[in-house]
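Trainee: One structure, as C-alpha cells, below. Some questions next.
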Amino acid sequence: MHVILVGLSGSGKSTLGEALSKRINRPFYDLDKEIVKNVGKSIDEIFADQGERAFRSIETKVLDTICSKSEPAVIVTGGGAVIDPKNRSLMKRSGTVIRIKRSPEAILSTLNLEGRPLLKADPNRIYTLAREREDFYHLAADYTVQNETASDETLEALTHLVLTKDKAKKILLLNGPNLNLLGTREPSIYGNMTYEQICKSLLESAAKKAINLEIKQSNHEGELIDWIQEAVGEQDGILINPGAYTHTSIAILDAIRSVKLPVVEIHLSNIHARETFRAHSVTAAGAVGVIAGFGTMSYHLALEAMSNILTEQ
Ligand code: DQA
C-alpha cells in the first residue's frame, strides 16, 4: 500500500513527502511533476492552454498510473486532487491517505507561487480554497498531520504514523513438520531450494506487494495450533503447509475453522499423484482453497491468491 499525502498548495507536502520516502526507503512521486513529465508542459501552461477541467482529467489518469505501481511508494498529490470523488476513492483503495495541514496564514508567509496557477494571480485566494476544500480533505484523509511550520518533529510524527498505521495486509505463513529440511529432504519430490531460500524469496515478493509476511515453521502440531489461534486480531490471513498433518490433523482443521481468517493450504508436491494416503487432506476442509503440485511456486501462487482475497474483502 502507498502513503498518499494530500493538503493545500503550500502546506509543505512535497518537502515532507520526499523526506519521508527517504526515511522509509520507498520511491517518491509528486503528482504534479509526473503530470508535467507526461504532458510535456508546465502546470501553468496546461491551465492556460487547456483550462482547469482538462487538467483535472489528466490529473486523474496520472494518479491512477502512479497508484497502480506495485512497489509501495510515497505519493504527494496537488492541492485540488481531493475534489474529484474518483480520485478520493482511488487514493483510499491504494493506501493510507494523510492530510498535511497548514493554516492559510502560514502558507501565505512562505509560499512560492511558481507552478501554483490558482494562487499566482491572487495569493489571497488561499483563504477561499481552504474553505472550499476543507470538506474534501476531511473526506479523503485517514489521518491528519499538522505542519504549521516545517520542522523535524513533523517529519518524526509523520514517519511514526506511517509505520504504525500502514494499511499493509498482514499474512502469516505456517509450515509444518519436516519442511525445515527442504533442500535436502527428498529433492526429487520437493526440489533443491532450501527452506531459507524459499522464505527469502517469499519475503521479497511480499515486500513488493506491500504485504507484511511473517513465516514460522514447527514440527509440533500443538505449536501450529497455538500460532493459528494467536493470529486472531494480528493477521489478515493464513497460508499453511501442514506437512504430514494435512492428512491426519482434525485439531488443525478445528483451529483453522475457529479463527475465521481466510486460509490457503499449500503443498509443494501434487498430493493427488502420490501415495493414496496423501490424496486426502483433512485440513483443506477449512481452507478457502488449496494450491498443490507447483513446487516452490505453490507458495508464491498462494501468496498471490491471498493478496487478491484480502484486496477484495
Ligand atoms: C507436503 C505433502 C505432504 O504429504 C508431506 O507430508 C509433506 C509436504 C507438500 O508440501 O507437498 O510434508 O505438504
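Trainee: Evaluate the stretch 259-266: report whether one residue or more is in the same structural domain as Asn192 (by TED's automatic domain parsing), at pLDDT below 95 and more than 21 Å from Ser201 (Cα to Cα). I'd like the intermediate steps shown before the answer.
Mentor: Just the residues of the stretch 259-266 that are in the same structural domain as Asn192 (by TED's automatic domain parsing), to begin with: 259-266.
After this cut, where a residue has to be at pLDDT below 95 as well, the list is 260.
Remaining after also requiring more than 21 Å from Ser201 (Cα to Cα): 260.
Checking the stretch 259-266: at least one residue is in the same structural domain as Asn192 (by TED's automatic domain parsing), at pLDDT below 95 and more than 21 Å from Ser201 (Cα to Cα).
Trainee: Return the only residue of Val264, Val290, Val259 being free of Cβ contacts under 8 Å to residues at least 40 places away in the same chain and either in contact with a Lys or Arg (Cβ under 7 Å, 6 or more places away or on another chain) or within 15 Å of the ligand (Cβ to nearest atom) (or both).
Mentor: Values: Val264 fails: free of Cβ contacts under 8 Å to residues at least 40 places away in the same chain; Val259 fails: either in contact with a Lys or Arg (Cβ under 7 Å, 6 or more places away or on another chain) or within 15 Å of the ligand (Cβ to nearest atom) (or both).
The conditions single out Val290.
Trainee: If you don't mind, there's one more thing I want to ask. For residues that are polar (S, T, N, Q), surrounded by fewer than 18 Cβ atoms within 10 Å (Cβ to Cβ) and farther than 22 Å from Ala73 by Cβ, scanning just the stretch 202-230, find the one that is farthest from the ligand (Cβ to nearest atom).
Mentor: Of the residues in the stretch 202-230, the ones polar (S, T, N, Q) are 205, 212, 217-219, 229.
Next cut, surrounded by fewer than 18 Cβ atoms within 10 Å (Cβ to Cβ) only: 205, 212, 219, 229.
Those left that are additionally farther than 22 Å from Ala73 by Cβ: 219, 229.
Numbers: Asn219: 10, Gln229: 21 Å.
The extreme case among them is Gln229.
Trainee: May I pose another question? Just to verify a result, which residue in the stretch 151-184, among those that are part of a strand (DSSP E or B) and more than 17 Å from the chain's Cα centre (by Cα), is nearest to His247 (Cα to Cα)? Step through it out loud before you land on a result.
Mentor: The first filter runs over the stretch 151-184 and keeps only residues part of a strand (DSSP E or B), leaving 170-175.
Filter once more, keeping what is more than 17 Å from the chain's Cα centre (by Cα): 173-175.
Working: Leu173: 19, Leu174: 16, Asn175: 14 Å.
Among those residues, the one meeting the criterion is Asn175.
Trainee: Something else about it: Go through the stretch 115-153 and give me each residue that's surrounded by fewer than 15 Cβ atoms within 10 Å (Cβ to Cβ) and at pLDDT 90 or above.
Mentor: Tyr127, Thr128, Arg131, Glu132, Glu134, Asp135, His138, Leu139, Tyr143, Gln146, listed by residue number.
Trainee: Tell me which residues, restricted to the stretch 185-196, are more than 9 Å from the ligand (Cβ to nearest atom), under 19 Å from Ile215 (Cβ atoms) and either of a type in the set (A, V, I, L, M) or part of a loop (DSSP other than H, G, I, E, B) (or both).
Mentor: Once the filter is applied, which keeps residues that are more than 9 Å from the ligand (Cβ to nearest atom), under 19 Å from Ile215 (Cβ atoms) and either of a type in the set (A, V, I, L, M) or part of a loop (DSSP other than H, G, I, E, B) (or both), the stretch 185-196 yields Gly191, Met193, Thr194.
Trainee: Sticking with this one: Do you know which of the residues in the stretch 25-59 that are touching a Pro at 6+ places or on another chain (Cβ under 9 Å) and closer than 30 Å to Leu161 by Cα is modelled with the lowest pLDDT?
Mentor: Arg26
Trainee: Next question. Kindly list the number of the only condition in (1) closer than 20 Å to Gln146 by Cβ; (2) at pLDDT 95 or above that fails for Ser14.
Mentor: All conditions are met except number (2).
Trainee: Then there is this: When the residues of the stretch 200-222 are filtered to those that are touching a Ser or Thr at 6+ places or on another chain (Cβ under 7 Å) and part of a helix (DSSP H, G or I), which remaining residue is farthest from Asn241 (Cα to Cα)? Give the derivation first.
Mentor: From the stretch 200-222, those touching a Ser or Thr at 6+ places or on another chain (Cβ under 7 Å) are 208-209, 211, 221; that's our starting set.
Adding the requirement that they be part of a helix (DSSP H, G or I) leaves 208, 221.
Numbers: Lys208: 22, Glu221: 12 Å.
Checked the stretch 200-222; the qualifying residue farthest from Asn241 (Cα to Cα) is Lys208.
The values are calculated or read from the model by the stated rules, or taken from the named source; none is laboratory data. This structure is a prediction, so every number in the text was calculated from the model and none was measured. Reconstructed Cβ throughout: ideal geometry from the backbone, glycine too, with neighbour counts over all protein chains shown.
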